[in-house]
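Notes to accompany the following structure.
Every number in this text was worked out from the coordinates using simple rules, so none of it is lab data. All values derive from a computational prediction rather than experimental measurement. A quick note on method: Cβ atoms are made from the backbone with ideal geometry, for glycine too, and the neighbour counts reach across all protein chains shown.
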Amino acid sequence: MTKTELHQLAVDMVSKLLHRRTGQALSADRHWRIDTALETVLRHRGIRSSEDLIVLLTEPGDSGFKEELVEALLNNETYFYRDRQVFDHLAAEVLPAMAREKGASRRLTIWSAGCSTGQEPLTMAMILLDQGECWKGWDIDILATDVSGSAIATARRGVYSNFEIQRGLAVGQMLTHFEEGAAGWRASDRLREMIRFERRNLLEGPPSGAKFDLILCRNLLLYLDAGARRVACGTLQSALAPHGRLLLGGGETVLEHSEMFRPVKGGCGLYKLTGERLAEPARRTA
Ligand SMILES: C[S@@+](CC[C@H](N)C(=O)[O-])C[C@H]1O[C@@H](n2cnc3c(N)ncnc32)[C@H](O)[C@@H]1O
């Protein structure tokens with residue numbers, strides 16, 4: 001094989017690895033991302049040739065190398081109050097409606113699926129804390145998950161740089177909910193206590209336990225291929241409470257992949273379950 005053919009083989013293997021582990025499909029015109037990720041990981045590991053890379057990729061198990069590669073390929077872009085009008089809508093319309101609907105149990109469950117480094121669930125927690133009286137005495141549980149171990153580790157630390165903290169937060173919010181320290185801006189204990197962070201692949205089925213009143217799954221489905229999206233939709237459907245709401249990112253939809261959801265009118269990417277339920281949604285172990 002020529003050097004170019006070996007390189008192409010390595011790129012294809014990495015692309016398949018990413019798909020197997022996350023459901024993400026990189027089209028050929030985005031294979032340059034693999035080259036960029038490879039460059040960093042290979043330099044870090046001292047790997048010089050495509051042959052050595054192929055040997056490592058074909059080894060059974062994972063010494064951490066494959067995981068490092070997949071992590072390097074994930075897009076963890078996020079920031080506080082991303083698409084602010086969506087969070088304004090949640091705060092002004094959706095959460096008050098949920099407070100009325102769930103007034104009897106006074107329990108609210110939220111899942112941020114694909115939470116990256118934590119800004120999205122922290123935004124939800126800030127909104128709920130800022131609404132003070134409305135949620136006093138409620139049992140609020142926010143679960144935040146991501147397939148990326150390093151993103152979850154950052155989210156658990158809850159410390160953000162000057163650049164990160166200023167992306168989406170006004171000065172008042174920074175000072176109310178974060179404390180500045182030598183390492184950066186640390187989320188307050190009150191915020192952190194509201195959120196459970198877990199490493200979790202959306203394609204491996206729903207978290208066990210109670211269903212969720214609100215699921216945020218934003219800017220994740222767009223990276224998955226059609227098959228993985230169907231599986232992800234099955235997970236979301238199984239995890240959503242019958243009256244619950246699913247929030248997707250701008251430009252994302254579940255309608256092509258599942259008949260189980262209907263969009264909420266004027267809902268900025270919100271969906272509810274249609275009355276029907278599939279017997280058992282598709283599952284996949286990645
Ligand atoms: C672009 S970020 C979006 C973060 C946040 N939801 C937002 O909208 O700001 C996408 C996140 O989805 C995660 N992700 C990708 N595939 C996943 C999967 N199969 N299961 C769980 N998380 C996944 C990535 O690791 C990444 O952190």
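Which order do peptides 138-144, 116-122 fall in by mean Cβ count within 10 Å, highest first? Could you put the intermediate results ahead of the total?
Numbers: 138-144: 18.9, 116-122: 25.6.
Peptide ranking by packing, descending: 116-122, 138-144.
Using the crude model of +1 on Lys and Arg Cβ and -1 on Asp and Glu Cβ, and no other charge, please compute the dipole size for segment 20-103 relative to its Cα centre, in debye to 20.
Computed charge dipole of segment 20-103: roughly 160 debye.
What whole-number volume per residue, in cubic angstrom, does the convex hull of the C-alpha atoms of segment 84-273 give?
Residue-normalised Cα hull volume stands at 117 Å³.
Once the Cβ-Cβ distance between Gln131 and Glu259 is put in as r, and R0 is 35 Å, what FRET efficiency do you end up with, to the nearest 0.05? Provide the component values of the computation, followed by the final result.
Working: r = 34 Å, r/R0 = 0.98.
Taking R0 as 35 Å, the efficiency between Gln131 and Glu259 is 0.55.
Amide H to amide H under 5 Å from Gly205: which residues, 5+ apart in sequence or cross-chain, H placed 1.01 Å off N in plane?
Amide H neighbours of Gly205, under 5 Å, 5+ apart: Arg284.
For segment 1-159, take every pair of Cα atoms, bin their distances at 5 Å starting from 0, and report each bin as a whole percent.
2, 8, 15, 16, 13, 11, 9, 7, 7, 6, 4, 2, 1, 0
Taking the Cα centroid of segment 39-79 and of segment 210-230, what is the distance between the two, rounded to the nearest whole Å?
26 Å
If you place +1 on the Cβ of every Lys and Arg and -1 on the Cβ of every Asp and Glu, how big does the dipole about the Cα centre of segment 84-273 come out, in debye to the nearest 20?
Computed about the Cα centre, the dipole is about 280 debye.
Residues with beta-carbon under 13 Å from that of Lys16, excluding Lys16: net charge, scoring Lys, Arg +1 and Asp, Glu -1?
That sum, taken over residues with Cβ under 13 Å, equals +1.
Can you tell which of Ile54, Ala72, Gln8 lies farthest toward the positive end of the dipole of segment 3-73, using +1 and -1 charges on the Cβ of basic and acidic side chains (Lys, Arg; Asp, Glu)?
Working it through, the farthest residue towards the positive pole turns out to be Ala72.
Once label points are set 7 Å from the Cα along Cα→Cβ at both Asp29 and His44, what is their separation, rounded to one decimal in nm?
Inter-label distance under the simple model: 3.0 nm.
If you plug each phi of segment 79-92 into the Karplus form 6.51 cos²θ - 1.76 cosθ + 1.60 with θ = phi - 60°, what whole-Hz ³J(HN,Hα) values come out, in order, with x for Gly and Pro?
Karplus-based 3J(HN,Hα) across segment 79-92 equals 7, 5, 6, 4, 6, 3, 4, 5, 5, 4, 5, 4, 5, 7 Hz.
Would you please give the residues with an amide H less than 5 Å from that of Gly118, counting only those at least 5 places away or on a separate chain, with H modeled from the backbone geometry?
The list, which skips near neighbours in sequence, is empty: none.
Starting from the Cα of Lys16, draw a straight line to each of the lysines and keep only those under 27 Å, dropping any in the same chain fewer than 8 residues away.
Within the straight-line cut-off, Lys16 pairs with Lys3, Lys66.
Which three lengths, in whole Å and largest first, does segment 3-73 cover when its Cα atoms are put on their principal axes?
Between the extreme Cα coordinates on each principal axis of segment 3-73 lie 27, 26, 20 Å.
Using a cut-off of 14 Å between beta-carbons, work out the net charge of the residues near Gly266 (Lys and Arg +1, Asp and Glu -1, Gly266 not included).
Spelling it out: positives minus negatives among the neighbours equals +2.
Quick one: what are the phi-derived ³J(HN,Hα) couplings along segment 32-37, Karplus 6.51/-1.76/1.60 with θ = phi - 60°, whole Hz, x for glycine and proline?
Per-residue couplings from phi come out as 4, 5, 5, 4, 5, 5 Hz.
Setting aside same-chain residues fewer than 8 positions from Lys102, which lysines have a Cα under 18 Å from its Cα?
Candidates past the 8-residue exclusion: Lys136, Lys211, Lys272.
Based on other C-beta atoms within 10 Å, arrange His177, His44, His7 from fewest to most.
Values: His177 22, His44 11, His7 17.
Going from least to most buried by this count: His44, His7, His177.
Report P(r) for segment 84-128: all Cα-Cα distances, bin width 10 Å, range 0 to the bin holding the largest distance, values in whole percent.
Here the calculated profile for segment 84-128 is 24, 54, 21, 1.
Using θ = phi - 60° and the Karplus relation 6.51 cos²θ - 1.76 cosθ + 1.60, list the HN-Hα couplings for segment 64-75 in order, rounded to whole Hz, with x at every Gly or Pro.
Values per residue, Gly and Pro as x: x, 5, 5, 5, 4, 5, 4, 4, 5, 8, 6, 9 Hz.
With label points built 7 Å along Cα→Cβ from the Cα atoms of His243 and Glu77, find their separation and express it in nm.
Between His243 and Glu77, the simple spin-label model gives 3.7 nm.
Among DSSP beta bridges lying fully in the chain, give the percent that are antiparallel, nearest 5.
Within the chain, antiparallel bridges account for around 40 percent of the total.
Looking at segment 162-286, what % of its DSSP beta bridges pair antiparallel, to the nearest 5? Display every interim value, and only then the final one.
Numbers: 9 of 14 bridges.
Of those bridges, close to 65 percent are antiparallel.
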